[in-house]
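Asks: Take a look at the following structure, please.
Each reported figure results from applying straightforward, stated rules to the coordinates on display, with no laboratory input. Here the structure is a predicted model, which is why all the values come from computation and not from measurement. When we count neighbours, we look across all protein chains shown, and the Cβ atoms used for this are built from the backbone with ideal geometry, even at glycine.
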Amino acid sequence: MLFLVRHAHAHYRPDESRGLSTSGWREAGRLADLLQGRGIAWIVSSPSTRAVQTVQPLADRLDLSIELDPDLRERLLSAGPVDDFERRVEATWRDFDLAHPGGESNASAQARMTRAIHRIARSAGNRHVAIATHGNVLALFLRTLDPSVGFEFWARMSMPDLYVVDVPAGAAWSYRRAWPHAATADGSGGSSLAPWASPSPQVARRTGRPPADEAARGADTSPS
């Protein structure tokens, strides 16, 4: 079983060293509350500070190290700042081959993320794995299981967010949202933690065959 984690809230700066905000650290602790009894034996993260810090409380509680995988990084929308970020992101969802100057297309980012997730799943065997990553590439991967995932799905995601992926051998993969809160004004999760959430109304259990290449969302000239 894979636990796919979108990082918690971090104040935006145009670099990968930015860490979690106060609310982000609080939500990282709640994420650890939610996952510490789920039999997780391996934690893998994007190298970005905000992703690593999101699963650090869980790693500390489980006495596990965090393995870094650069293929879990966020999609780079462009080489420099862009105006009207949301509109630029939406354009990449309409045209998966679109790459803004110096950036990565959704098709390329989706293929990279999909290969990484499958590589981790193969290496995990029967172990449960927590995977810390970013909103855009996470949504792009989920689209390989559910073609209805698109720009609006990404825009509704909270920080942090959590999706549980069942990976039965030789069968279709399925996922459900397990973070019990919608986004607040700063993008962070809600203020109370349910013990183990059922699928949310807008992101019900979805199934699909293990991914074919395609792609969707985000950039790291962004808060994603």
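Asks: If Lys and Arg each add +1 and Asp and Glu each add -1, what is the summed charge of the other residues whose beta carbon sits under 12 Å from the beta carbon of R61? Write out the running numbers ahead of the final one.
Replies: Numbers: positive: R38; negative: D33, D60, D63.
Around R61, the charge tally is -2.
Asks: With the dipole of the stretch 15-155 worked out from charges on the C-beta (+1 for Lys and Arg, -1 for Asp and Glu) around the Cα centre, which of L142, W93, V44 lies farthest toward the positive end?
Replies: After comparing all options, I get V44.
Asks: Over all distinct Cα pairs, what is the inverse of the mean 1/r for the stretch 2-208, reported as the Kirkwood hydrodynamic radius in Å?
Replies: Working: mean 1/r = 0.0586 Å⁻¹.
17.1 Å is the Kirkwood radius here.
Asks: What does the charge add up to near I120, with Lys and Arg as +1, Asp and Glu as -1, over the other residues with Cβ less than 12 Å from its Cβ? Walk me through the numbers before you get to the answer.
Replies: Numbers: positive: R115, R119, R122, R127; negative: E67, D69, D71.
In short, +1.
Asks: Which value, in debye to the nearest 20, gives the size of the charge dipole of the stretch 1-46 about its Cα centre, when Lys and Arg are +1 and Asp and Glu are -1 at the Cβ?
Replies: On the way: 6 positive and 4 negative charges, 18 e Å.
Dipole size: approximately 80 debye.
Asks: Follow-up question, since we're still on this one. Hey, got the dipole for the stretch 2-208? About the Cα centre, +1 on K and R Cβ, -1 on D and E Cβ, debye to the nearest 20? Mind dumping the intermediate values first?
Replies: Numbers: 24 positive and 22 negative charges, 104 e Å.
Magnitude of the dipole: close to 500 debye.
Asks: Going by C-beta contacts inside 10 Å, put W173, W179, W25 in order with the fewest on the left. Don't skip to the answer; put the middle values down first.
Replies: Numbers: W173 20, W179 26, W25 17.
Least to most surrounded, the residues fall as W25, W173, W179.
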